Amino acid sequence: MHTIDEVQLKRETLIAALEHRELEVFQYQVNIDNYETAIEIAGTGPDANELTSAVTDNLRTERIEQKKSQLILDSILKQLEGEDIAGLVEVHKAAAAAKALEAAKALE
């Protein structure tokens, strides 16, 4: 006999992962924008060329990592097809807030 609802647990886990991946994709984009701007303002010269090369390598890595995160995000969304994702996210946030409030009260 199972004491947990595996379907509900998977749904809750996917919603938590969804929120995490959305933020992760956004953070990679911020880094990409920062690196692109840094390359633009680096100027020229021997020191600038070395620096620009290093920043370009970082930019390439960030783009790859963002694509991987986006792929996982798309996978999560596919698994949640047909679900009320916005509603599930709200329920997840409310549950997390209630848990945080409970933990704060326990510390009093």
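Nothing in this text is a laboratory measurement; each read-out follows from the coordinates by a stated rule. Remember, it's a predicted structure, so these values are computed and weren't measured experimentally. Here Cβ is always computed from backbone atoms with ideal geometry, including for glycine, and neighbour counts include all displayed protein chains.
What is the residue count in the range 41-84 for residues that are assigned to a helix (DSSP H, G or I), more than 18 Å from the chain's Cα centre (by Cα) and hydroxyl-bearing (Ser, Thr, Tyr)?
Result for the range 41-84: 3.
Applying the selection to the range 18-44, what residues are of a type in the set (A, V, I, L, M, F, W, C), surrounded by 16 or more Cβ atoms within 10 Å (Cβ to Cβ) and either in contact with a Gly (Cβ under 6 Å, 6 or more places away or on another chain) or farther than 17 Å from residue 59 by Cβ (or both)?
Correct list: 18 only.
Go through 15, 39, 32, 72 for me and flag whichever is among the aliphatic types (A, V, I, L, M), touching a residue at least 12 places away in the same chain (Cβ under 8 Å) and touching a His at 6+ places or on another chain (Cβ under 7 Å).
15
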